[in-house]
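Quick notes on the structure that follows.
The values are calculated or read from the model by the stated rules, or taken from the named source; none is laboratory data. What you are looking at is a predicted structure, and each value in this text was computed from that prediction instead of being measured. Don't worry about glycine lacking a Cβ; one is built from the backbone with ideal geometry, like all the others, and counts go over all protein chains shown. In case anyone asks, the SASA skips ligands and DNA or RNA and just uses the protein heavy atoms, side chains included. Shrake-Rupley method; radii C 1.70, N 1.55, O 1.52, S 1.80 Å.
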Amino acid sequence: ISTDLPEFKAAKKEVEDRISKMMNIKGTKTVDHFHKRHGKVMWDKVGMARNVQGLTEAMAEIRSIRDEFWSDLRIPGTANSLNPELEKAGRVADFLELGELFAIDALERNESCGGHFREEFQTTDGEAIRDDENFKFVSAWEYNQDPSKPILNKEGLDYEEIEIKTRSYK
């Protein structure tokens, strides 16, 4: 791919601008500080078992952590040399967007299915309650310039050869 193409130049500028933005924050908190805070929210509220209250709280907390990340991040070193902290910062910035998307997706899905266990959707003896009528689709979230407002795209699933059944985990 030629580096003279306008798409290459635009992508390069976007990366350079993002690196510059992160390096120029000159805040007081390390990348690990934000990574650990985000990880705890994800573990506690967006993990294997989740509920409306926890997911709603997680989205607000992740937004708050992300805002703080972009205003109080400290990255030692320079952008023009090997800098593991800068590399981590780029990944954590992505995690802060992806983590919120996980919570949005989990809140959107009003059922329990497989590893997606919503505490509100279970039988009295703890079995998952699926909703195949309303959630028989594959979803892909589209980035919309605002991580808090992704666009949900759905592709319906039509089963012709198998019968959908609720599994028992007992």
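Data overview
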quantity	calculated
Magnitude of the charge dipole, the chain, Cβ model with Lys/Arg +1 and Asp/Glu -1, debye to 20	900 debye
For region 36-49, Karplus couplings with θ = phi - 60° (6.51, -1.76, 1.60), whole Hz, Gly/Pro x	5, 4, 5, x, 5, 4, 4, 5, 6, 10, 10, x, 4, 10
Whole-number percent relative contact order across region 37-167, with pairs defined as alpha carbons under 8 Å at least 6 apart	21 percent
Cleavage-rule hits (trypsin sites (Lys or Arg not before Pro)) in region 4-37: DSSP loop, at most 12 neighbouring Cβ within 10 angstrom	K26
With every protein chain in place, region 37-118: carbon and sulfur % of accessible area (1.4 Å)	59 percent
Radius of gyration and maximum dimension Dmax of the chain, Cα, Å	20.2, 63
The chain, accessible area per residue, ligands and nucleic acids excluded (1.4 Å, Å²)	66 Å²
Geometric extent, Cα atoms of region 39-133 - Rg, Dmax (angstrom)	17.1, 58
Fraction in percent of alpha-carbon pairs per bin - 10 Å, region 121-162	23, 30, 32, 14, 1
Sites excluded, chymotrypsin sites (Phe, Trp or Tyr not before Pro) in DSSP loops with at most 10 other C-beta within 10 Å, longest stretch of the chain	1-158
Within straight-line cross-link reach of K12, aspartates and glutamates at Cα separation under 15 Å, skipping those fewer than 8 residues along the same chain	D4
Linear extension gain, N110 paired with R74, 0.36 nm per residue minus alpha-carbon span	9.0 nm
At 1.002 mPa s and 20 °C, Stokes diffusion of region 1-64 via Kirkwood alpha-carbon radius, µm² per second	145 µm²/s
Spatially proximal lysines relative to K45 (Cα-Cα < 26 Å; intrachain offsets below 8 disregarded)	K29, K36, K88, K136, K149, K154, K170
Hits among lysines - C-alpha to C-alpha of K13 under 17 Å, sequence gap 8 or more where chains match	K21
Which of L107, I151, T30, positive extreme of dipole for the chain (C-beta unit charges)	T30
MRE, 222 nm, helices only [DSSP H, n ≥ 4, -39500 (n - 2.57), over the chain, to nearest 500]	-16000 deg cm²/dmol
